[in-house]
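In what follows, a structure is listed as structure tokens, so that the remarks can point back to it.
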Amino acid sequence: MNTKLTLRDFSMAIALVLVCAFFAVRAPQFLGARNLSLLMAELSITATLAMGMLLVILPGHIDLSVGSGVGLLGGVASVLVFEKSVPAPLAMALAFVAGVAIWLAMGSLIVRQKIPSFIITLGGLLIFRGTFWLVIQNATIPVVQGGKTNLYSLLTTFYLRPRLGYALAALVVACLIFARVRTNRQRRESGFANDDGEVECLKLFLAAQLIFLFVIVTNQFRGIPLPALILGLVTFLVWLLTTHTPFGRYLYAIGGNEEAAIVSGIPVERVVVTAFGLMGAVVAITGFMQTSYSGASTTTVGELMELDAIAACVIGGVSLKGGRGTVLGVLFGALLMACLLNGMTLMAVSPEYKFIVRGLVLSLAVWMDVQLGRSQ
């Protein structure tokens, strides 16, 4: 099993390099500092939503309503700020709480009424989209009032200063080294073998190079964009949940075999409802970022984002049947999707062909998931 996953990861790395090389040749500005910074903002939005989708897919469910939810929650916050003069932090907090409550309710319906998540969230897709249009009255609602800067607008316009960026990179590398040393010590104390020391050092060295390279590139434009920091925080929390808590182990167990999980005493209903509640929190955060990035709440905000999130998960090795998937794989899948969309935009590809490519990528990802499932 590990060998297959390694080969799959390797093939995805090759695919990403080929995609980037193609766009670099066809659109030289693709590798420019400004475009890479914008790409990071786009990646952060898609990948953040995909992190929430991972929590829902792991126990064997799906959420088709997240794209409409992104538009709705972002629109609610925009209306509160622009039309009701509510302070941006309070407006975002209210929309955030609403998102968690709505998704908790959907999760409860799914597990207690035994209704397939596909049906409930498909209904949510339509309900949230219609409600979203009613909330904004089919108009364009800015995220600021009177042209003043607020927390809402800063979500995608704030950049970390270069010195702070380097300091943050050094801190992240130091944390990686500490975590690796601590993990190795725990493995030795438990009687497990560790990887070769040279291999460990090489992995850490490559990780440190990538982190500092990211900071160097973003500093050539304006610095590290705030969405990247938000993605980093969400990714860390999801990684912590899925790999270092009983809740994460429960998610994998339920997705692997729900009946066995019930027999083992795992509180399946509570875990699934909690996963949907966390999905609601992620949808709210993504809604704020996407609306801020668009500069206003319009009827098209969040459109088809659920497909991008699902594609990012499946491309990254997450099984649609549940029980398999990693945070790193989801990040990889989101990066591939973001590069494709950004590159096609630079090449001025018409919208109809963008839809076709996204559909082909999603179909290919699902086909790969099915093939991998059969071979295991």
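The values are calculated or read from the model by the stated rules, or taken from the named source; none is laboratory data. Keep in mind the model is a prediction, meaning the values are calculated, not measured. Please note: Cβ atoms are built from the backbone with ideal geometry, for glycine as well, and neighbour counts cover all protein chains shown.
Taking the condition of being of a type in the set (F, W, Y) and closer than 16 Å to I211 by Cα, how many residues in the stretch 154-177 meet it?
So the answer is 1.
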- Result of the Cβ filter at 7 Å on the stretch 27-56, keeping first residues that are closer than 15 Å to L335 by Cβ and polar (S, T, N, Q) and partners that are at pLDDT below 95 and not in a helix (DSSP H, G or I), at least 6 apart or interchain, is S37/F221; S37/R222; S37/P225
- Message: Out of everything in the stretch 278-301 that is surrounded by 21 or more Cβ atoms within 10 Å (Cβ to Cβ) and small (G, A, S), what residue ends up being farthest from A105 (Cα to Cα)?
- Response: S292
- Item | Selected residue (criterion: farthest from L18 (Cα to Cα)) from residues of the stretch 336-369 that are among the charged types (D, E, K, R) and touching a residue at least 12 places away in the same chain (Cβ under 8 Å) | D369
- Message: Being modelled with pLDDT under 90, over 15 Å from S68 (Cα atoms) and part of a helix (DSSP H, G or I): is that true of L360 here?
- Response: yes
- Is it true that Y166 is modelled with pLDDT of 85 or more, in contact with a helix residue (DSSP H, G or I) (Cβ under 7 Å, 6 or more places away or on another chain), part of a helix (DSSP H, G or I) and closer than 30 Å to H61 by Cα? no
- Taking only pairs six or more apart or across chains, which ones have beta-carbon atoms under 9 Å, a first residue in the stretch 250-265 that is on the phi < 0 side of the Ramachandran plot, and a second residue that is assigned to a helix (DSSP H, G or I) and exposed (fewer than 12 other Cβ atoms within 10 Å of the Cβ)? A253/A260
- Yes/no for K354 being surrounded by fewer than 18 Cβ atoms within 10 Å (Cβ to Cβ), charged (D, E, K, R), out of contact with any Cys (no Cβ under 9 Å at 6 or more places or on another chain) and closer than 26 Å to V234 by Cα: no
- Output the qualifying pairs, or none if there are none: Cβ atoms under 9 angstrom, residues six or more apart or on different chains, first residue in the stretch 155-170 and touching a residue at least 60 places away in the same chain (Cβ under 8 Å), second residue among the hydrophobic types (A, V, I, L, M, F, W, C) and part of a loop (DSSP other than H, G, I, E, B). L155/V143; Y159/F221
- Query: Does the stretch 298-351 hold any residues that are under 23 Å from V238 (Cβ atoms) and among the hydroxyl-bearing types (S, T, Y), and which are they?
  - Reply: S319, T326
- If you check F118, F82, which single one turns out to be surrounded by fewer than 24 Cβ atoms within 10 Å (Cβ to Cβ), in contact with a Pro (Cβ under 6 Å, 6 or more places away or on another chain), more than 12 Å from E306 (Cα to Cα) and in contact (Cβ under 8 Å) with a residue 12 or more places away in the chain? F82
- Out of V173, V217, sole residue that is closer than 29 Å to S37 by Cα, under 26 Å from the mean Cα position of the chain (by Cα), of a type outside the set (D, E, K, R) and at pLDDT below 90: V217
- Task: Assess whether L278 counts as being touching a Leu at 6+ places or on another chain (Cβ under 6 Å) and under 20 Å from L55 (Cα atoms).
- Result: yes
- Say whether the condition of being within 23 Å of the chain's Cα centre (by Cα), among the aliphatic types (A, V, I, L, M), assigned to a loop (DSSP other than H, G, I, E, B) and at pLDDT below 90 is met by at least one residue in the stretch 154-161. yes
- Residue under evaluation S68, criteria (1) under 12 Å from V282 (Cα atoms); (2) of a type outside the set (A, V, I, L, M, F, W, C); (3) touching an Asp or Glu at 6+ places or on another chain (Cβ under 9 Å), criterion not met: (1)
